[in-house]
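Asks: Dumping the structure here so I can ask a few things about it.
The values are calculated or read from the model by the stated rules, or taken from the named source; none is laboratory data. For clarity, every value in this text was computed on a predicted model and none was experimentally measured. Neighbour counts are summed over all protein chains in view; Cβ atoms, including those assigned to glycine, are modelled from backbone coordinates with ideal geometry. SASA here: full protein model, heavy atoms, side chains in, ligands and nucleic acids out. Shrake-Rupley method; radii C 1.70, N 1.55, O 1.52, S 1.80 Å.
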Amino acid sequence: MEDFYRQYPKGAPDRKEVPLSSPRRVRDLLPYLKSPVLDVGCSKGYDVDYFSRHGFQVEGCDVGGGAVERALENYPGRSFFVHDFERGPAAKRYNSAYAFDVIEHVFDYPRFLENIRSSLNPGGALILATPNVLGLRNRLRFLLGDGGYFKQIPHIRYFTPETLGQTLEEAGFKVLKVLGYSSVPLPVSLCGSLTAISEAIG
């Protein structure tokens, strides 16, 4: 996995639009971001730059040194560092953190979440975005016998709205809401992408 992330930034496309490709989702999460903010899984650094330009004090971290090097090259005025939350908490505490499309790549996700919680001040917000394995498009894939999507590497973990909320609660978070996003209006259970907003307890 570490080898993958060392190579990942070299082939990953540049993204210049708003985080998560969704202005609506960004508007929904902005009220929960409070500086200092940590971007967990910052990749090339575009989200750190976006939120920094919108008035937040943001730092980014990634498990891969290659990703952090690319982020520093792209945004030399921003703060980035290498860190793996499966191995321990960050060296300082933050008032909020977000991890966009990260948890589905994590093997030991309970420890990952517990170490993020230990890196937040009490009441600090954690915002997680991840695909919904039971989204309408995925249900159709199941129905049509197309399992190729679910063999993608390094997606190693899949969530539904219910299991995402339960996972956060077991890690010591209070789930405030789980929102669903799709290109057309759908119930949360059928949306292709989820965003859980939670609060660190204790």
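Asks: Residues with amide H under 5 Å of Ser119's amide H, sequence separation 5 or more or different chain, H placed in the peptide plane at 1.01 Å from N; which?
Replies: Counting only residues 5 or more places away or on other chains, the set is Ala90.
Asks: Taking the dipole about the Cα centre of region 46-175, with the C-beta of Lys and Arg at +1 and of Asp and Glu at -1, give me whichever of Val102, Tyr46, Leu126 is farthest to the positive side.
Replies: Of the options given, the answer is Leu126.
Asks: State in Å² the accessible area per residue of the chain; use a 1.4 Å probe, count heavy atoms of protein chains only, and round to the nearest integer. Before the final figure, lay out the partial values.
Replies: Numbers: 9950 Å² over 202 residues.
Accessible area per residue, the chain: 49 Å².
Asks: Here's something else I'd like to know. In nm, give the distance between the simple-model label positions of Glu69 and Asp108, each being 7 Å from the Cα along the Cα-to-Cβ direction.
Replies: The answer from the label model is 2.7 nm.
Asks: Next question, about the same structure. Expected output is a single nm value to one decimal: the length gained when fully extending between Ile156 and Phe81, i.e. 0.36 nm times separation in residues minus the C-alpha distance. What is it? Mind showing how you got there, number by number?
Replies: Working: separation 75, 0.36 × 75 = 27.00 nm, distance 2.44 nm.
The span from Ile156 to Phe81 would gain 24.6 nm if fully extended.
Asks: Something else now. Using 7 Å Cα-to-Cβ label points, what is the Arg137/Arg53 separation (nm, one decimal)?
Replies: Placing both labels 7 Å along Cα→Cβ, they lie 2.6 nm apart.
Asks: Let a ≥ b ≥ c be the square roots of the eigenvalues of the Cα gyration tensor of region 25-83; is it rounded (a/c under 1.5), or, if not, prolate (a/b larger than b/c) or oblate?
Replies: Numbers: a/c = 2.12, a/b = 1.79, b/c = 1.18.
The shape class here is prolate.
Asks: Considering only protein heavy atoms and a probe of 1.4 Å, how much of the accessible area of the chain is carbon and sulfur, as a whole percent?
Replies: Working: 5180 of 9950 Å².
Looking at the chain in its full context, I get 52 percent from C and S.
Asks: A further question follows. Test of understanding: in a Gaussian network model of the chain with alpha carbons linked when under 10 Å, which of Arg139, Arg78, Arg157 would top the mean-square fluctuation ranking?
Replies: Arg139
Asks: Taking a ≥ b ≥ c as the square roots of the Cα gyration tensor eigenvalues, with a/c under 1.5 meaning rounded and otherwise prolate when a/b beats b/c, else oblate, which class fits the chain? Display every interim value, and only then the final one.
Replies: Numbers: a/c = 1.44, a/b = 1.23, b/c = 1.17.
Here the chain falls in the rounded category.
Asks: Next up: Can you tell me the alpha carbon radius of gyration of region 82-139 divided by the globular rule-of-thumb value 2.2 N^0.38 Å?
Replies: Details: Rg = 12.9 Å, N = 58, 2.2 N^0.38 = 10.3 Å.
My calculation over the Cα atoms of region 82-139 gives 1.26.
Asks: Also, quick follow-up: From the helices alone, meaning DSSP H stretches of at least four residues, give me the mean residue ellipticity at 222 nm for the chain, per-run term -39500 (n - 2.57), in deg cm²/dmol to the nearest 500. If you can, show how the numbers build up before the last one.
Replies: Working: 7 runs with 64 residues, N = 202.
Taking each H run of at least 4 residues, the total per residue is -9000 deg cm²/dmol.
Asks: What is the gain in length, in nm to one decimal, between Glu169 and Arg93 on full extension, counting 0.36 nm per residue of separation less the C-alpha to C-alpha distance? All intermediate terms of the calculation are to be shown ahead of the outcome.
Replies: Values: separation 76, 0.36 × 76 = 27.36 nm, distance 2.01 nm.
So the chain would gain 25.3 nm between Glu169 and Arg93.
Asks: So, in nm, how far is label Ile201 from label Ser21 when the simple model puts each one 7 Å beyond its Cα toward the Cβ?
Replies: It works out to 3.5 nm between the two label points.
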